[in-house]
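Some notes on the structure that comes next.
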């Protein structure tokens, strides 16, 4: 059954992205139901991150629409889309390595700051009060992701898996309704990947999120996603629930090889 417009938080309509003579993404159309966890998979170079970049404003589509909460938003800058409720993490972790764990999350939270830069500069009572509130809220987020005990450590000193969680905490600090995770299980061992699946479900419920992820770990994809889109050479070759994607001949040939993935 197709979701009603009221149940759809974001939709892409015939998105195309061309770099010179290269068509990196061709007519990407997808509907993301509110509260869902969905996945975008495909081989390296298939156009997955390009789709993320168009949805989050890092690329302006050559043509097509991104509709968020019923409003076309394609081409808006990343900060405007983040303020509207679209947040993301990156394939290559982007943290402020010389800042503390807490400060990294606070940077994300400052997007929602109400006091002006001038009030902050002169350290008015209102700005001091809000800074205290921001710090407290960010400590709560660190507790959610299991990093509260490391709040005072430099971000660069964290293990890889903890850095991934810190980047997610910073994204959560912006109060998103639509969260895009770019290869969140990259570099994780099997136990960390298993824990990640439960973590993604937990933050979906705790923060009322709709989540879209890119992931190469098929156990994570099949274990946590409710619907998948498969790209190959910039084109959508399959779309459906994980159990259907698992046995799709085009997917097996283009991405998964001759063997089916193990759930």
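The values are calculated or read from the model by the stated rules, or taken from the named source; none is laboratory data. Because the structure is predicted, anything quoted here is derived from the model rather than measured. Because the Cβ atoms are built from the backbone with ideal geometry, glycine has one as well, and the counts that use them run over all protein chains shown.
For the reader, a short list of remarks on this structure follows.
- Restricting the range 108-138 to residues that are under 21 Å from the mean Cα position of the chain (by Cα) and modelled with pLDDT of 90 or more, the residue that is surrounded by the fewest Cβ atoms within 10 Å (Cβ to Cβ): 137
- Of all the numbered requirements in (1) in the same structural domain as residue 27 (by TED's automatic domain parsing); (2) surrounded by fewer than 16 Cβ atoms within 10 Å (Cβ to Cβ); (3) assigned to a helix (DSSP H, G or I), residue 149 misses one, and that requirement is (1).
- Scope the range 57-80; condition surrounded by fewer than 20 Cβ atoms within 10 Å (Cβ to Cβ) and not in a strand (DSSP E or B); matching residues: 58, 60, 62, 69, 70, 73, 75, 76, 77, 78, 79, 80
- Hey, residue 170 buried (at least 18 other Cβ atoms within 10 Å of the Cβ) and touching a helix residue (DSSP H, G or I) at 6+ places or on another chain (Cβ under 7 Å) or not: yes
- Among strands (runs of 3 or more DSSP E) entirely within the range 184-246, having at least 1 residues that are over 14 Å from the mean Cα position of the chain (by Cα) and more than 20 Å from residue 93 (Cβ to Cβ) singles out 227-232, 235-240.
- Residue 204 closer than 23 Å to residue 104 by Cα, out of contact with any helix residue (DSSP H, G or I) (no Cβ under 7 Å at 6 or more places or on another chain), in contact (Cβ under 8 Å) with a residue 40 or more places away in the chain and surrounded by fewer than 18 Cβ atoms within 10 Å (Cβ to Cβ): yes
- Of the candidates 22, 15, the single residue that is without any contact (Cβ under 8 Å) to a residue 60 or more places away in the chain and exposed (fewer than 14 other Cβ atoms within 10 Å of the Cβ) is 22.
- Taken over the range 25-46, the criterion of being at pLDDT 95 or above, more than 13 Å from residue 240 (Cα to Cα) and surrounded by 21 or more Cβ atoms within 10 Å (Cβ to Cβ) is satisfied by 25, 28.
- Pairs are defined by a Cβ separation below 7 Å, a sequence spacing of at least 6 or placement on different chains, a first member in the range 240-263 that is within 12 Å of residue 219 (Cβ to Cβ), and a second member that is modelled with pLDDT under 75; the pairs so defined are 246/260; 246/261.
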